[in-house]
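Novice: Input: one structure, supplied below.
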Amino acid sequence: MIRTEHFLEDAEAWLRTALAQLRAEHPDTASHTPECRQTWNRMLCEAGLVALTWPREYGGRELPTATLIAFHELCARLRAPQPINSIAHAILAPTLLRFGTAEQKALFLPGIRDGSEIWCQGYSEPQTGSDLSSVRTRARPEAAGWRVDGRKIWTTQAHLATWCFALVRTDPASRAHRGLSFMLIDMRAEGVRVEPIRQMTGEADYNEVLFEAVAVPEGRILGEPGEGWRIAMAAAEYERGIYFMPRVVQLEDELDELEAALARAPLAPAERAVHARRVQDLADACQVIRWRVDRVLRQVAAGDTPGIDGAMLKLMWSETRQQVWEQRVELLGEAAVLGPQAGAPYAGAASVQREFLWSRAETIVAGTSEIQRNIVGERLLGLPKDRGQHA
Ligand SMILES: Cc1cc2nc3c(=O)[nH]c(=O)nc-3n(C[C@H](O)[C@H](O)[C@H](O)COP(=O)(O)OP(=O)(O)OC[C@H]3O[C@@H](n4cnc5c(N)ncnc54)[C@H](O)[C@@H]3O)c2cc1C
């Protein structure tokens, strides 16, 4: 039983026991697998740990944002995996609480709190990624609601999801971001098809999602029809704040591992000096990222949105993490190119390969590096505006 009045103390004790149990079932090297992340999601839900800041009327604990931040830092320090429903915890739940009607909150929040409903995010389309304002998926009004037709792509864990929050065009005459709506679509509805996409790590966590004459009842648009862009932009801000922090803690751990790998590597003195210099540069970058994340978290705890700081943090973190894993691969040498046998989980040297390959996606997901640079250039440096629309 985790008491709200002694929350962090009780949560830490619970986390240590629960993580030991999780690792017995899913060894460390497989902690990124969907099975492990599903089990972890269920354990967090059963312990009442996914609705920390929600109002009590929706089963929350009404804890302050600062406690939520401290809890996420604790999870990261203890190397907890990301729960499978983190998209719902990080993006959808706060958005529902802010923009949802009483009926929508009553319908959707319990399934997130108890882990029975898994969500995915349907924004990107084959011709629409950075420039989300060009979404083509159409929702046409019909007698009892809407009929949805279109194609989404790169939809993380759509194959496991029961619901999707999607950007759809409800006004056919509209252009750019006007006329988009934020729709909640049942993935079990007739006409929803999910096709897996295999990524270069060999895993298949992403999908193409086809909506073919999918009937969506009334009451499944968040806000008003046409307000989707504003809501999607607000939703993105939540993720850039609190939920980004565990990734920074993970990067700090990875830097420690890199330093240990350098100490172990059998290198000639001149070669060691070259690597040591690069590792020191990465350590400096990590320190700057830490200062920046602390600043972002102070803003979030004070009720502000991170804005440009969020863009800079995403940019620096993703690019530094890629360099950390490039260094690990270089130090490991040829052993790093030996992946796991077909079907086997990544383990040992091969897990370096997985993280190296996976880190390539991080300068793309949630806004590419070029888009983050545009944001910094336009909003911080006052450079002329990019003509494309972007998140
Ligand atoms: C691991 C992963 C998980 C993802 N999960 C999801 C998900 O769950 N749901 C979802 O909806 N999407 C998801 N995505 C998709 C992701 O949001 C898009 O890939 C991303 O927004 C980029 O869009 P794009 O791939 O269409 O590239 P494009 O927008 O076509 O960009 C191609 C290239 O052009 C550059 N570019 C584009 N516009 C500009 C500009 N204005 N100025 C300068 N350069 C520009 C980009 O930086 C990039 O290098 C995921 C992606 C990854 C990698």
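The values are calculated or read from the model by the stated rules, or taken from the named source; none is laboratory data. Note that this is a predicted model, so its numbers are computed, not measured. Quick reminder, even Gly has a Cβ in these numbers, built from the backbone with ideal geometry, and neighbours come from all protein chains shown.
Novice: Please name all residue pairs, on different chains or six or more residues apart, with Cβ atoms under 7 Å, provided the first residue is in the range 175-199 and is without any contact (Cβ under 8 Å) to a residue 40 or more places away in the chain and the second residue is part of a loop (DSSP other than H, G, I, E, B) and of a type in the set (A, V, I, L, M).
Specialist: Correct list of pairs: V194/A158; P196/A204; R198/A204.
Novice: For the range 310-333, check the following and say yes or no: at least one residue is part of a loop (DSSP other than H, G, I, E, B) and among the charged types (D, E, K, R). Can you show your working first?
Specialist: Of the range 310-333, the ones part of a loop (DSSP other than H, G, I, E, B) are none.
Within the range 310-333, none of the residues are part of a loop (DSSP other than H, G, I, E, B) and among the charged types (D, E, K, R).
Novice: Another one. Suppose we keep only residues that are buried (at least 19 other Cβ atoms within 10 Å of the Cβ) and away from the ligand (no atom under 14 Å from the Cβ) within the range 177-195. Which one would you say is farthest from V216 (Cα to Cα)? Quick ask: steps written out before the conclusion?
Specialist: Narrowing the range 177-195 to residues buried (at least 19 other Cβ atoms within 10 Å of the Cβ): 177, 179-185, 187.
Okay, now just the ones that are also away from the ligand (no atom under 14 Å from the Cβ), so 177, 179, 181, 184.
Values: H177: 21, G179: 17, S181: 13, L184: 8 Å.
Selected residue: H177.
Novice: What about L262, is it in contact (Cβ under 8 Å) with a residue 40 or more places away in the chain and over 28 Å from the mean Cα position of the chain (by Cα)? Break it down stepwise before answering.
Specialist: Values: in contact (Cβ under 8 Å) with a residue 40 or more places away in the chain: yes; over 28 Å from the mean Cα position of the chain (by Cα): yes.
Taking the combined requirement at face value, the residue satisfies it.
Novice: Quick test of your reading of the structure: G60 fulfils all but one of (1) in a helix (DSSP H, G or I); (2) surrounded by 17 or more Cβ atoms within 10 Å (Cβ to Cβ); (3) modelled with pLDDT of 95 or more. Name the failing condition by number.
Specialist: (1)
Novice: Please go through the range 293-309 and give me each residue that is assigned to a helix (DSSP H, G or I) and within 22 Å of T67 (Cβ to Cβ), ordered by number.
Specialist: At the first step, the residues of the range 293-309 found to be assigned to a helix (DSSP H, G or I) are 293-301, 308-309.
Those that are assigned to a helix (DSSP H, G or I) and within 22 Å of T67 (Cβ to Cβ): V293, D294, R295, V296, L297, R298, Q299, V300, A301, D309.
Novice: Let me ask you something else. Please tell me if Q341 is modelled with pLDDT under 90, within 23 Å of C36 (Cα to Cα) and in a loop (DSSP other than H, G, I, E, B). Please lay out each step first, then the result.
Specialist: Numbers: modelled with pLDDT under 90: yes; within 23 Å of C36 (Cα to Cα): yes; in a loop (DSSP other than H, G, I, E, B): yes.
Against the criterion (modelled with pLDDT under 90, within 23 Å of C36 (Cα to Cα) and in a loop (DSSP other than H, G, I, E, B)), Q341 qualifies.
Novice: Out of curiosity, is T128 surrounded by fewer than 21 Cβ atoms within 10 Å (Cβ to Cβ), out of contact with any strand residue (DSSP E or B) (no Cβ under 7 Å at 6 or more places or on another chain), β-branched (V, I, T) and in contact (Cβ under 8 Å) with a residue 40 or more places away in the chain? Even if it seems obvious, please write down each step before you answer.
Specialist: On the way: surrounded by fewer than 21 Cβ atoms within 10 Å (Cβ to Cβ): yes; out of contact with any strand residue (DSSP E or B) (no Cβ under 7 Å at 6 or more places or on another chain): yes; β-branched (V, I, T): yes; in contact (Cβ under 8 Å) with a residue 40 or more places away in the chain: no.
Spelling it out, it is not the case that T128 is surrounded by fewer than 21 Cβ atoms within 10 Å (Cβ to Cβ), out of contact with any strand residue (DSSP E or B) (no Cβ under 7 Å at 6 or more places or on another chain), β-branched (V, I, T) and in contact (Cβ under 8 Å) with a residue 40 or more places away in the chain.
Novice: How many residues does the range 200-251 hold that are outside any helix (DSSP H, G or I), at negative phi and at pLDDT 90 or above?
Specialist: Of the residues in that region, 18 qualify.
Novice: List every residue pair whose Cβ atoms sit under 7 Å apart, with the two residues 6 or more apart in sequence or on different chains, where the first one lies in the range 203-216 and is over 18 Å from Y123 (Cα atoms) and the second, anywhere, is modelled with pLDDT under 95 and surrounded by fewer than 17 Cβ atoms within 10 Å (Cβ to Cβ).
Specialist: A204/R198
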